[in-house]
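Trainee: Below you'll find the structure I mean.
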């Protein structure tokens, strides 16, 4: 009897133990599941927060073009961007005080707080001032070169009757000698015309210097156009714009087309023309494949050159020589 009671008690204790263990296991499982759920929720929340933060950290660069500096700075601050370098430059198209360039470009996506630099227009740059040279007594060709040498534009008016200078030479200019004007200003001039007529000679085949001297002796002006030619030697007159035998007023300008010889295809060295006469310098430059401008006293010798002798230049470059 006592053995039966003992067995019953032992059985009851075993059952209670099994139930206790089962309850602990369920409790642990429930706790683990709750913890995992909480962790997943936190992770999801953190991910959403990170994504939201990343999206909020981007900004679109506004279009600053044509805005004033104050308005440009405000436009940047309004979208959370910073003002970078502010520079100034000249512009022929953007009004003074307005933005003419920016970096980064408008509509670019950048991080919040990024610095945006921009350039403010100063308007058009004032042209350089140059002194008007004395053209009186020069031939048309020399007058044009003298103006071009200082950045001025020659405008030839019709010849006028004048006894102040020899026929064919400049007797009047529109702007006084020494006046300071903007670079690029037009300066008009007229050559002298005598009250008589002369017959235009045949100059084709002559050297340019000889043809020029012949025209001057007749009281006619001389202009020159240089072209390359495979047939005619350098410095030789190929054609003239007024037909041979035409009677014209004294002072009329005859334009001569002069050969430069065959067109070279490489760079050349500017030859030394210092102390040369006009004709010697012109012949030397032409033989080197270069063009030339002559400024100063045609009866003098070369005292300056630009570009300087010895300089490597492209074939066809114009060399200005100053005679005195």
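Trainee: Could you line up 180, 238, 138, 305 from fewest to most neighbouring Cβ atoms inside 10 Å?
Mentor: Final ranking by Cβ density, sparse to dense: 180, 238, 305, 138.
Trainee: What is region 48-200's relative contact order, in percent, from Cα pairs under 8 angstrom and six or more apart in sequence?
Mentor: It rounds to 20 percent for region 48-200.
Trainee: For the residues 280, 298, what sequence is obtained by ranking on other C-beta atoms within 10 Å, fewest first?
Mentor: Fewest to most other Cβ atoms nearby, the residues stand as 280, 298.
Trainee: Please arrange 165, 227, 200, 302 by how many other C-beta atoms lie within 10 Å of their C-beta, fewest to most.
Mentor: Neighbour counts put them in this order, fewest first: 227, 165, 200, 302.
Trainee: Restricting to region 58-121, compute how many DSSP beta bridges are antiparallel as a %, nearest 5.
Mentor: 55 percent
Trainee: Here's a follow-up. Calculate the FRET efficiency for residue 161 and residue 87 from the Cβ-Cβ distance with a Förster distance of 45 Å, rounded to the nearest 0.05.
Mentor: Once the sixth-power term is evaluated, E becomes 0.20.
Trainee: Only Cα pairs under 8 Å and at least 6 apart count here; give the relative contact order of region 177-324 as a rounded whole percent.
Mentor: Contact order relative to length: 21 percent.
Trainee: How many percent of DSSP beta bridges within region 127-195 run antiparallel, rounded to 5?
Mentor: 55 percent
Trainee: Using only the Cα atoms of region 196-263, what are the Rg and Dmax in Å?
Mentor: For region 196-263, the Cα radius of gyration and maximum Cα-Cα distance read 11.8, 41 Å.
Trainee: Quick check on region 102-253: what does the Kirkwood estimate of hydrodynamic radius come out to from the alpha carbon pairs, in Å?
Mentor: Mean inverse Cα-Cα distance, inverted, gives 18.8 Å.
Trainee: For region 289-323 and region 157-171, what is the separation of their Cα centres, given in Å?
Mentor: 27 Å
Trainee: Quick one: if the Förster radius is 51 Å, what FRET efficiency do residue 105 and residue 287 give, using the C-beta to C-beta distance and rounding to 0.05?
Mentor: 0.40
Trainee: Counting pairs of alpha carbon atoms under 8 Å apart in space and at least six apart in sequence, what relative contact order in percent does region 112-204 give?
Mentor: Once divided by the residue count of region 112-204, the mean separation gives 33 percent.
Trainee: Where the Cα atoms of region 266-324 are projected onto their three principal axes, how long is each span, largest first, in whole Å?
Mentor: 33, 16, 14 Å, listed from the longest principal axis down.
Trainee: Rounded to the nearest angstrom and ordered from largest down, what semi-axes does the equivalent ellipsoid of region 171-320 get from its C-alpha gyration tensor (root of 5λ)?
Mentor: Computed over region 171-320, the values are 28, 23, 13 Å.
Trainee: Calculate the radius of gyration of the Cα atoms of region 127-195 to one decimal place, then report Dmax, the largest Cα-Cα distance, as a whole number, both in Å.
Mentor: When restricted to the Cα atoms of region 127-195, Rg and Dmax are 11.7, 42 Å.
Trainee: To the nearest Å, what is the center-to-center distance of region 57-78 and region 84-116, using C-alpha atoms only?
Mentor: Centre-to-centre (Cα) distance: 9 Å.
Here, each number is a calculation from the coordinates, and none is a lab measurement. It should be emphasised that the depicted structure is a prediction, and the values quoted were computed from it without experimental measurement. Neighbour counts run over all protein chains shown; Cβ positions are idealised from the backbone, glycine included.
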